[in-house]
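One structure is given below, encoded as C-alpha cells.
The values are calculated or read from the model by the stated rules, or taken from the named source; none is laboratory data. Fair warning: this is a prediction, and the values are worked out from it, not measured in the lab. Every residue, glycine among them, receives a Cβ derived from its backbone with ideal geometry; neighbour counts consider all protein chains shown. Each accessible area value is taken on the protein alone, full model and side chains, heavy atoms only, with ligands, DNA and RNA left out. Shrake-Rupley method; radii C 1.70, N 1.55, O 1.52, S 1.80 Å.
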Amino acid sequence: MSNSQQQQPAVAADNRRNKSIPRMAIFLVFLPSLLFNIATMHSSLSKSTRGSSDDETAYLDYPVLEHQQRKRKYQASSNPHHNPSTATKLLPTAATHPRGSTPYNCGVVFFFHVPSTGGASIANWFRKYARPLNGNITFYQKWTRSIGRDGQFRPNQHQVHDAFIEGMNAHVENLAANEWRSGQYHLVQPPLNSTEDLWYKWRATVESQGCQMINTIMLRDPLNHAMSLYKILNQKNSTREEWMDHLEEPSGTGKWATMLDFFLYNINGPTGRNPHNVTKEEKVRRGIELLQRHFDVVSLGDHTEFMDQVLNYTGWKYLDMPHMNVHKKPLEFTKKEVEKLYKLLVRNGDVDFVDAVKQRYSGHLSYLADV
C-alpha cells in the first residue's frame, strides 16, 4: 500500500475535526443563552399559577395555616377492625373477616349521599325495594336542610345528629337470617371525619349477626359538581358572587361544600366547609383513607355500574332507576368563571381527590402501568 493511501484516513479525520471546530464554536457562543432559557423555563414552570392579566388570576396554594396535625391513630395494633392485609377494591379494611361468595344472604346497604351527584335517583331506587312486591327492604333516613329560606343556619342541628345516630344504631340490629335493609346518609349528619368510630361500630354490629355491611357512594367530576350547586342558589338565599367566592379561603362560607369537603365534614354550620383548616394534601389523604376503610361501592357518575355492584352483593331483583331531581333549566357561566372554579377546586384538593378515586376504583390510566 502506498504512503498516500495510508495517509487518506488521517486526512479525512483531520477534515472532520476541522469541520467540527466551527460547530463547537457556535455551540459555545450560544451556551450561555441556552442555559439562561432553561433556567427561565424552570422558573416559569415552578410559578405556573402566576398570571399577567385579569383573565389569568393567580391562585397559589392556601397559606400554611397553623394547626395541630392529627397523629396516625388508625393502626392495626390499636384498632381490631383495621386489617390492611385484607384491603382490596371489594373488601374495605374495616371488614372484620374475609367474605364468602356473592350474593350475600343478609345485610345493610348504606348510601352516602353527596348533594348534586345524582343521589336522589339512588335514594329513590332504594325506596322502591321497600315495597312488599320488591323485597320489603326497610329504608332508613333522618336528615334535614342545614340552611333555611332566610339564608341562616337552622338551630339545634346536633339534635338531628343524635336522632340519626340513634335510628341508625337500631337499624343495624336484630337482622333476620335472610333480611336486607337499606338507608342513606345526607344533610346535617355527623361528619365522617370525626365520627369514624360509628362506621366501624355499624359494620361490626352487622357482621356479628353473620350478615354484611355494604357502604356505597356516588361521586362525579368536581367541576361539574361545583357548577351544579348553582341551581340551589335561591334555596340558600345566596348570591352569585357569594357562590363564586366560597372557595377563595380555606374555610369559606359553610353554606357551600365541595364533594371532598362534604365527604369529610358535611354541612353543619357557619364554621365553614373546612372547619379544622387542614391542608389540601391532608384532606385528600384523609378522603382516600376513609374510602378505602369503609366503602364497598365507589362509583364516579355511573349509575348503571352502581346498580350492578349493589345487585351483585345483595342478589336483589333488578329494578329500573329513574332519574330524579333533574335540573331542566340551562346553567350559564362565563369562561372566566369556569376557569376560576377549576383553579380553586385544584387548590382545594377536589381534583386530586377524584383523580385518585379514578385510579383506585376505575382503573384510570391503568394502561400505563407497564410504561
**Report entry** Separation in nanometres of the label points that stand 7 Å from Cα toward Cβ, at Asp162 and Ala130
**Finding:** 2.5
**Report entry** Of Lys128/Lys358; Lys231/Lys336; Lys283/Lys343; Lys231/Lys283; Lys142/Lys201, those spanning more than 21 Å from alpha-carbon to alpha-carbon
**Finding:** Lys128/Lys358; Lys231/Lys283
Report task. Send over a whole-number figure in Å² for the accessible area per residue of segment 123-233, probe 1.4 Å. Result -> 42
Query raised in the report: Carbon and sulfur together cover what percent of the accessible area of segment 217-315 at a 1.4 Å probe radius?
Result: 47
Requested in this report: May I ask for the distance between the Cα centers of segment 216-263 and segment 91-158, given as a whole number of Å?
Outcome: 21
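Note down the net charge around Leu175, summing +1 for each Lys or Arg and -1 for each Asp or Glu among other residues with Cβ under 12 Å from its Cβ. Before the final figure, lay out the partial values.
On the way: positive: Arg181; negative: Glu173, Glu179, Glu207.
With Lys, Arg at +1 and Asp, Glu at -1, the neighbours total -2.
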**Report entry** Whole-Hz ³J(HN,Hα) from phi, Karplus 6.51 cos²θ - 1.76 cosθ + 1.60, for segment 204-210, glycine and proline x
**Finding:** 4, 5, 5, 5, 5, 9, x
Query - Solution diffusion estimate, µm²/s, Stokes-Einstein, segment 273-371, Kirkwood Rh from C-alpha pairs, 37 °C, viscosity 0.692 mPa s - result: 196
Query raised in the report: How much net charge surrounds Ile147 when only other residues with a Cβ under 10 Å from its Cβ are counted (Lys, Arg +1; Asp, Glu -1)?
Result: +4
**Report entry** Whole-Hz couplings from phi, Karplus 6.51/-1.76/1.60, listed for segment 104-115; x for Gly and Pro
**Finding:** 7, 7, 7, x, 10, 9, 10, 10, 8, 9, 7, x
